[in-house]
Structure formats: structure tokens, C-alpha cells
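The values are calculated or read from the model by the stated rules, or taken from the named source; none is laboratory data. Being a predicted model, the structure only gives us computed values, none of them experimental. A quick note on method: Cβ atoms are made from the backbone with ideal geometry, for glycine too, and the neighbour counts reach across all protein chains shown. Ligands, DNA and RNA are stripped out before the accessible areas are found, and what is left, the full protein with its side chains, is counted by its heavy atoms. Shrake-Rupley method; radii C 1.70, N 1.55, O 1.52, S 1.80 Å.
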Amino acid sequence: MKKKKIIPAIIILLIVIVAGSCFWYFQYKKPHDEAVANFNKAVSALKESNKPLDEAVSSLKSVIDSKEEPLDPATLTTAKGKLSDAKKTEMKVPEMPKKTNDINAATKKISTIPDYSNIIATLSEVQTNLENSIKQLKQVTNPSEDFVVERLKQIKSISGVEAVTEKTDINRLLNKNGGYTACVYFSSKKVKQDYVYGNTIAEKGTEGGGAIEVFASAKDAKKRESYLASFDGNGMMDSGSHIVLGTVLIRISSQLTATQQKKLTEQISNKFTELQ
């Protein structure tokens, strides 16, 4: 009699266990596994979507971290700002929660794949601007005499150029400590050359059109410009207009009007920084 009572009890227990297992599987285990699978799928899609943006961010960051100086500091400031904005905009990959409902909520939050195309295009643009500005500064940092001559010859209003040697350098600054590494005089079509003393372009000096003085450092170039500035507005001692571009000192003849000086300075600056 006892055996007959035990067998039904075991059967009932097994039924309860199986029913409980089924309830647990379909109510908890299966929904949880599905939630985890959906979350992992959404995370993979988000990572794939973030990849092009991460690459653009990394590329721009490497240029900024190079510490190479641009000609225009604004390009570096802009690049840093856009890089920071991009990092804030990127949708982050979250940690997977433990509870099923929380996992589903997290999945829903990252299920909409963001469109980074405009941000990536902006990063590419500011990186190009920054890289070009770095190249431009390199072009006007102690450029060769040949570079200066070649670029001056491309300006229509300049009728001739002549580089000085240590023998023909009237300032006696060529290749000296703190002096220029190259000095090229040029004549302007807008200056009446017959009224300027001298037989050659170099002899006529800055008055015939202007001069390009190249220095090894910006510090030396600025020191030279400060010296010239002390003669500004001093009649016959006036050395004309002068600006420093990189380590290049651009000097324009006092025989030209202020408007002509400004225009020629801009033409030379643009030609020297042009990436050909």
C-alpha cells in the first residue's frame, strides 16, 4: 500500500518540477536570452555605425596631437572645437543591464542608428584646413631663395627680381647671426624706375618695388621688422610697409600708395602660401 501511495506522489512531484521548469523557461529564461541577443545585436550595429566617426575623430586628433603649428591659429582652434563636439555627439555603447526589462529598455535606446555623415564631413573639412595651414607655415618658414624668386615671378605687377649675394648685400646681413638667410629685391611696374637711384634691381633696393628678407626664425624676422618700424613716417628714412609672414619679412616700396602697398603685400602673401 505504501508503494502505491509513493508512486503517485513522485509523479505529481515530477509534474510540478516539469511545469515549474517550463514556466521558468518561457516566462524568464527565454525572454531574458532573447533580450540579451537583441541587445548584443543592437550593440554590434551601433559599433559599426560609430566606426567611421571614430576613424574621423582619430585622424583629426592625430594631426592636433602632432603639435605642428598652422599659419592660421584659428584652424587649430576650430579643429579642437569640432573634435570636442563630435565626441559629445557620438552615441556611446552602454553596459548591458542585469534585468530583462532594463535590457530591453537599453536596446530600444540604442536601436536607432545615428547618422554621422554631416559630422564626419565637418571633421574632414577642418582637418584639411588645418593640414593645409600647417603646410603653408612650412612654406614660409625659412624658404629657399629659389622658392622666393619663383613665387615673385608669378606676380604680374612685378617686373623683375634679383637675389643678393654677400658681396652685393648693402645691409651686410646675409648669412650673419640673426640676419637673413636670403634677400631678394624686386621691381614694380607701378614704380617709375628712372626716379629710383641705382643701375640694378638690387642697387635700387626696396624703393624700386620691394624686398623679401628670409630669416631662420620668426623671432629674428620680428626683430628686423621692429627695427624698420622705428623709421616709419620719417621722411627719406621711411622704409615703406613691412609685415612678417612666418619667418619671411615682406617689404614694399614707399614709392607706392598705401592702397598699392596693401594690395601687393596681399598678392605676395597669397602667392607664398599658395599650395601648388
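Regarding the range 137-154, can at least one residue be identified that is among the polar types (S, T, N, Q) and over 25 Å from the mean Cα position of the chain (by Cα)? Spell out how you get there, then give the answer.
Applying the first criterion (among the polar types (S, T, N, Q)) to the range 137-154 yields 139, 141-142, 144, 154.
After this cut, where a residue has to be over 25 Å from the mean Cα position of the chain (by Cα) as well, the list is 154.
Yes, some residue in the range 137-154 is among the polar types (S, T, N, Q) and over 25 Å from the mean Cα position of the chain (by Cα).
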Query raised in the report: What are the residues in the range 131-154 that are over 17 Å from Leu245 (Cα atoms) and buried (at least 16 other Cβ atoms within 10 Å of the Cβ), if any?
Result: Glu131
Query raised in the report: Is one or more of the residues making up the range 110-132 closer than 20 Å to Lys263 by Cβ and either at pLDDT 95 or above or touching a strand residue (DSSP E or B) at 6+ places or on another chain (Cβ under 9 Å) (or both)?
Result: no
**Report entry** Subset of the range 177-187 (residues that are touching a helix residue (DSSP H, G or I) at 6+ places or on another chain (Cβ under 7 Å) and hydroxyl-bearing (Ser, Thr, Tyr))
**Finding:** Tyr185, Ser187
Query raised in the report: Scanning the range 102-120 for residues that are polar (S, T, N, Q), in contact (Cβ under 8 Å) with a residue 12 or more places away in the chain and not in a loop (DSSP other than H, G, I, E, B), which turns out surrounded by the most Cβ atoms within 10 Å (Cβ to Cβ)?
Result: Thr107
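One line per residue, one yes/no per condition, for (1) of a type outside the set (Lys, Arg); (2) touching a His at 6+ places or on another chain (Cβ under 9 Å); (3) assigned to a helix (DSSP H, G or I):
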site	(1), (2), (3)
Val36	yes, no, yes
Ser49	yes, no, yes
Pro52	yes, no, yes
Glu55	yes, no, yes
Leu60	yes, no, yes
Lys67	no, no, no
Leu71	yes, no, no
Thr75	yes, no, yes
Lys80	no, no, yes
Query - Condition met for Glu95 (under 24 Å from Thr273 (Cβ atoms), open to solvent by 80 Å² or more (accessible area, probe 1.4 Å) and either without any contact (Cβ under 8 Å) to a residue 24 or more places away in the chain or in a helix (DSSP H, G or I) (or both)) - result: no
Report summary line: With the first residue restricted to the range 66-83 and required to be in contact (Cβ under 8 Å) with a residue 60 or more places away in the chain, and the second required to be surrounded by 14 or more Cβ atoms within 10 Å (Cβ to Cβ) and in a loop (DSSP other than H, G, I, E, B), Cβ contacts under 8 Å at 6 or more apart or on different chains are Leu71/Val140; Leu71/Gly246
Query raised in the report: Do we have Lys61 as over 19 Å from Ser117 (Cβ atoms), at pLDDT 95 or above and among the basic types (Lys, Arg) here?
Result: yes
Requested in this report: Tell me which residues, restricted to the range 155-193, are in contact (Cβ under 8 Å) with a residue 60 or more places away in the chain and open to solvent by 70 Å² or more (accessible area, probe 1.4 Å).
Outcome: Lys190, Lys192
Query raised in the report: Does at least one position in the range 134-147 carry a residue that is part of a helix (DSSP H, G or I), of a type in the set (A, V, I, L, M) and either modelled with pLDDT of 95 or more or closer than 19 Å to Ala221 by Cα (or both)?
Result: yes
